[in-house]
Amino acid sequence: MDKPQAIVQAEGLTKVYGQLTAVNSIDFQIEPGTCYGFLGPNGAGKTTVMRMIYCSTPPNAGELLVNGLDVTSNMSAVKRGIGVVTQDDSLDYDLNVVNNLLVYARYYDLNREQASHRADELIEFFQLEEKRHENVRALSGGMKRRLQIARALINKPSILILDEPSTGLDPQARHHVWSKCHELIEQGVTLLLTTHYMDEAEQLCDQIAVMDRGIIIKEDSPWNLIKTEVSPQVIEIRGDAKHRNNILDNIRDKIDFHEALSDRLLLYTQDATSLHTQIQKMDIPLKMLLNRRSSLEDVFLKLTGRGLID
Amino acid sequence: MKQSAPKVILKSAWRVWQRNATVYKRTWKLNILPNFFEPFLYLLGMGIGLGAYINEMDGIPYIEYIAPGLLISSIMWGASLETTYNVFVKMNFDRIYDGILSTPVNPKDLAMGELLWGATRGAMYGGAFFSILLLFGMGHHWGILLIFPLLFIIGFMFATIGLLFTSFIKEIELFNYFFTLFLTPLFLFSGIFFPLNQLPEMVQIVAWFTPLYHGVELSRGIFNQLWDIGLLYHFIWILVVTALNTSIVLRSIHKRLYR
């Protein structure tokens, strides 16, 4: 059987702003019905990629097809098939909750009946019934985000773009957004998201492109990234620097690699339990000695470096 | 890569107009009332107050001399406010355009929608003004019907001028310059209050190149039934400038919002 045709396909995609090459000739393919994440530090080019996909900025070079359509020559048609949740909320503050949905529906040429039916569905799905006639300004951050996602879904898009969907939300609101995303994936919507939260990427994404300085430095499933880029287990040590160095000198041959941070030492290993016991036996005073499973965050830090980007 | 700039889709522009109308409908009663007071106060203060000292201007009672021009200036103020401050806030502070542009509506459609809305608002200012003039007993003849298309066309012209300025600026404070150094001089030197032929020829030449002057002349001609081929030339001037400016401003907004 043939591989399903990619719903978004980029080849040599490039975006230059003046002196800055925000996106530098990247290639990627997104399978329909999956969740694809762009992960990277601030300024990596994630948002710019998204903006090119939803026709908010033209690529300078390369090809970008969405639903088989070129983004520069079919802007309206491309956007008709996409729902967009921007990073800064772009809700219409002059309108109340339900009118935000109804007015938005008009941009897609939904008639009055379709629009009000769809708006009711979405208000229910995102649990905004009580706020139906509230002004948007009166909503909490979580509710605004839900309304933005609801609004993006008004035309039943095949692709939903989420630019940092849970930035600035409290933990409850984040989990609520994630669970709605899972439901959407089950309904067959293709999700595209950018994030710098590793837990978010691990929770949602089938495939991840790690971006840094305008290029994709690694692309794989979260599980494979962890498996291939870092060792399965980590020991995290906090304590005086000299004690940390002391430990490192003694067990250097037992680990795959390490990361020495200003406040802690990370030891990446295949077998944390025996190493843990060994360190305990050394009887060095430490503030913390912890075993954990490696996470996407370890991959991310290893790939993009620990220096502050901005 | 080729950069095709799509043509305006009028249906999408209409959606943007509808959005503004939906917002306006919430507060229209509050909004429209000042539009009636303003002409009333002008006519009272300038026509009756100043008119007590100036009986006639060019053979017309002073109040009737200034009224047709003031009507056109009210369209100018209304349409300009809409495509300057209001558009700037929607574009840069409330980020409403980010939301609209991620739908099938493209930047040029958005710009056209705002122009149509600006023209509509200008026509509403002018319409309110016009109704007061009728009350004052002016324009009671069939030829006055020609004023109706003019309300909208002149509104559209000033909407394009305001939007063009908005498409270039990054700071909202710069509108002060637009209003005090462009619109206010137009208001004072377009022949609303006194005939320009009293001024040096240079001023008359400059006036010919400015938009309000032609509107004022047209309006005064229609109100006072001074039918003359000159009126047609003023009208053609307005149409040509509006058409040229529209194509420039659509491109300019496209450049500003799609880059």
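The values are calculated or read from the model by the stated rules, or taken from the named source; none is laboratory data. Only a predicted model underlies this, so the values are computations on that prediction, with no experimental measurement involved. Cβ atoms come from the backbone with ideal geometry, glycine included; neighbour counts cover every protein chain shown.
Of all residues in the range A:100-121, those satisfying the criterion of being more than 10 Å from chain B (Cβ to nearest Cβ), touching a helix residue (DSSP H, G or I) at 6+ places or on another chain (Cβ under 9 Å) and not charged (D, E, K, R) are A:Leu101, A:Leu110, A:Asn111, A:Gln114, A:Ala115, A:Ser116, A:Ala119.
Got a sec? Which of A:Leu191, A:Leu184, A:Leu204, A:Leu169 is in contact with a helix residue (DSSP H, G or I) (Cβ under 9 Å, 6 or more places away or on another chain), under 17 Å from A:Ala150 (Cα atoms) and in contact (Cβ under 8 Å) with a residue 40 or more places away in the chain? Even if it seems obvious, please write down each step before you answer.
Numbers: A:Leu184 fails: in contact (Cβ under 8 Å) with a residue 40 or more places away in the chain; A:Leu204 fails: under 17 Å from A:Ala150 (Cα atoms); A:Leu169 fails: in contact (Cβ under 8 Å) with a residue 40 or more places away in the chain.
Being in contact with a helix residue (DSSP H, G or I) (Cβ under 9 Å, 6 or more places away or on another chain), under 17 Å from A:Ala150 (Cα atoms) and in contact (Cβ under 8 Å) with a residue 40 or more places away in the chain holds for just one of A:Leu191, A:Leu184, A:Leu204, A:Leu169, which is A:Leu191.
Does at least one position in the range B:157-175 carry a residue that is at pLDDT 95 or above, over 14 Å from the mean Cα position of the chain (by Cα), in a helix (DSSP H, G or I) and within 23 Å of B:Ser219 (Cβ to Cβ)? No: zero hits. Of the residues that sit in the range A:68-99 and are of a type in the set (Gly, Ala, Ser) and over 27 Å from A:Asp120 (Cβ atoms), which one is nearest to the other protein chains (Cβ to nearest Cβ)? Filtering first and then ranking leaves A:Ser73. Check off (1) more than 11 Å from chain A (Cβ to nearest Cβ); (2) touching a Leu at 6+ places or on another chain (Cβ under 7 Å); (3) among the aromatic types (Phe, Trp, Tyr) for B:Trp17 and give me the number that stays unchecked. Among (1) more than 11 Å from chain A (Cβ to nearest Cβ); (2) touching a Leu at 6+ places or on another chain (Cβ under 7 Å); (3) among the aromatic types (Phe, Trp, Tyr), the lone unmet condition for B:Trp17 is (1). In the range A:250-281, the residue that is farthest from A:Phe300 (Cα to Cα) out of those that are crowded, with 17+ Cβ neighbours inside 10 Å and in contact (Cβ under 8 Å) with a residue 40 or more places away in the chain is A:Ile279. Is it the case that B:Glu64 is part of a helix (DSSP H, G or I), touching a Lys or Arg at 6+ places or on another chain (Cβ under 8 Å) and of a type in the set (Asp, Glu)? Here the answer is no, as B:Glu64 does not meet what is asked.
Meeting the requirement of 3 or more residues that are touching a His at 6+ places or on another chain (Cβ under 9 Å) and of a type in the set (A, V, I, L, M), the strands (runs of 3 or more DSSP E) wholly within the range A:194-283 are A:264-269.
Answer yes if at least one residue in the range B:40-55 is more than 11 Å from chain A (Cβ to nearest Cβ), surrounded by fewer than 16 Cβ atoms within 10 Å (Cβ to Cβ) and not in a helix (DSSP H, G or I), and no otherwise. First the steps, then the outcome.
Going residue by residue through the range B:40-55, those that are more than 11 Å from chain A (Cβ to nearest Cβ) are B:40-55.
Okay, now just the ones that are also surrounded by fewer than 16 Cβ atoms within 10 Å (Cβ to Cβ), so B:40-41, B:44-45, B:48-50, B:52-53, B:55.
Now restrict to residues that are not in a helix (DSSP H, G or I): B:53, B:55.
Among the residues of the range B:40-55, at least one is more than 11 Å from chain A (Cβ to nearest Cβ), surrounded by fewer than 16 Cβ atoms within 10 Å (Cβ to Cβ) and not in a helix (DSSP H, G or I), which makes the answer yes.
Among the listed residues A:Ala201, A:Ala209, identify the single one that is closer than 19 Å to A:Val49 by Cα, touching an Asp or Glu at 6+ places or on another chain (Cβ under 6 Å), of a type in the set (A, V, I, L, M, F, W, C) and crowded, with 20+ Cβ neighbours inside 10 Å. Before the answer, list the steps.
Numbers: A:Ala201 fails: touching an Asp or Glu at 6+ places or on another chain (Cβ under 6 Å).
On inspection, the qualifying residue turns out to be A:Ala209.
Scanning the range B:1-35 for residues that are of a type in the set (Phe, Trp, Tyr) and surrounded by 14 or more Cβ atoms within 10 Å (Cβ to Cβ), which turns out farthest from B:Pro107 (Cα to Cα)? This residue is B:Tyr24.
Going by the structure shown, is B:Ser80 out of contact with any Asp or Glu (no Cβ under 8 Å at 6 or more places or on another chain), more than 14 Å from chain A (Cβ to nearest Cβ) and under 30 Å from A:Leu95 (Cβ atoms)?
The answer is yes for B:Ser80.
If B:Leu134 satisfies all but one of (1) of a type outside the set (Ser, Thr, Tyr); (2) buried (at least 20 other Cβ atoms within 10 Å of the Cβ); (3) in a helix (DSSP H, G or I), what's the number of the condition it fails? All conditions pass for B:Leu134, except number (2).
In summary, A:His258 fulfils each of the numbered conditions (1) closer than 30 Å to A:Gly37 by Cβ; (2) at pLDDT 90 or above; (3) in contact with a Leu (Cβ under 6 Å, 6 or more places away or on another chain) with the single exception of condition (2).
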